[in-house]
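The values are calculated or read from the model by the stated rules, or taken from the named source; none is laboratory data. Given the structure is predicted, the values throughout are model-derived calculations rather than measurements. For neighbour counting, all protein chains shown are included, and Cβ atoms are generated from backbone atoms with ideal geometry for every residue, glycine included. Areas reflect the complete protein model, heavy atoms only, side chains present, ligands, DNA and RNA absent. Shrake-Rupley method; radii C 1.70, N 1.55, O 1.52, S 1.80 Å.
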Amino acid sequence: MNRLALALALALVACNKDSSARPPAAAATPVTAATGGPAALDALDKRTPVPLLPMMADHQKRNMRDHLLAVQQIVAAVAVDDFAGIEQAASRIGFSEPMGQMCEHMGTGAPGFTELALAFHHQADRITVAARAGDKVGVLAELGTTLQACTGCHEQWKQQVVDEAGWQRVAGAPPPMAHGAGH
Ligand code: HEC
């Protein structure tokens, strides 16, 4: 069993633990790479791939979930006119040097991705500016534009998990086996 299948099986076990109504984990047959599941999904999903090592893909997804959490917190803070709270949450999706470097790294094999990511973070900074001005309508307008950056990127790009050799190919470094291979 590969690691993904194992993780899925463990997740199913974890989900089933509290629910006696569910069938046992063994009854569910996770679709694995061997049975073509990920490839079938990939064929259906026509978006442009962003090649990432597994660790990077996981990191990106964690970031994404935190982006959504930040949006949730911004909306909750707007509802109670908590401008400091808006600012605090918005700063998590705003631009910073480390954030910018991470976006460069993530977009290494996907020309155009980094630009969208950086534009998104700079747009999110405008939520902070509006919050500092105590401008509630401005906050909502900038949040709306920021969410367009989220959905616009999601519409265009999908993750593609690659191995070390695949990563080195897209990152422009020669894969280890290619040395002296004459091309
Ligand atoms: C520059 C591109 C880009 C921007 C901007 C962006 N995302 Fe994403 N996001 C992605 C990619 C790529 C994925 C992986 C999609 C896939 O492979 O299906 C993703 C996945 C996600 C996921 C799924 C995470 C998971 O655990 O599977 C969430 C939630 C998410 N994004 C939220 C957001 C929110 C909220 C914003 C804006 C505040 C945002 N994203 C902005 C590129 C982006």
- [ ] Return the FRET efficiency for the residue pair E97, A133: r is the Cβ-Cβ distance, R0 is 22 Å, and the value is rounded to the nearest 0.05.
- [x] 0.35
- [ ] Please label the shape of segment 101-146 as rounded, prolate or oblate, based on the square roots a ≥ b ≥ c of the eigenvalues of the alpha-carbon gyration tensor (a/c under 1.5 means rounded; beyond that, a/b larger than b/c means prolate, else oblate).
- [x] prolate
Task: Area of L44 that stays accessible when all protein chains are in place (1.4 Å probe, Å², to 10) - done: 140 Å²
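By how many nm would the segment from R65 to A39 grow when fully extended, if each residue of separation counts as 0.36 nm and the alpha-carbon distance is taken off?
Length gained, R65 through A39: 6.9 nm.
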Task: Whether segment 35-152 is rounded, prolate or oblate, judged on the alpha carbon gyration tensor where a/c under 1.5 counts as rounded - done: prolate
Open item on the list: Need the full-extension length gain, Q72 to L118, defined as separation in residues times 0.36 nm minus the C-alpha distance. One decimal, nm.
Closed with: 14.5 nm
Open item on the list: Calculate the FRET efficiency for A27 and T48 from the Cβ-Cβ distance with a Förster distance of 25 Å, rounded to the nearest 0.05.
Closed with: 0.10
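Which whole-number value in Å² is the accessible area per residue of segment 47-171, probe 1.4 Å?
On the way: 6850 Å² over 125 residues.
I get 55 Å² per residue for this part.
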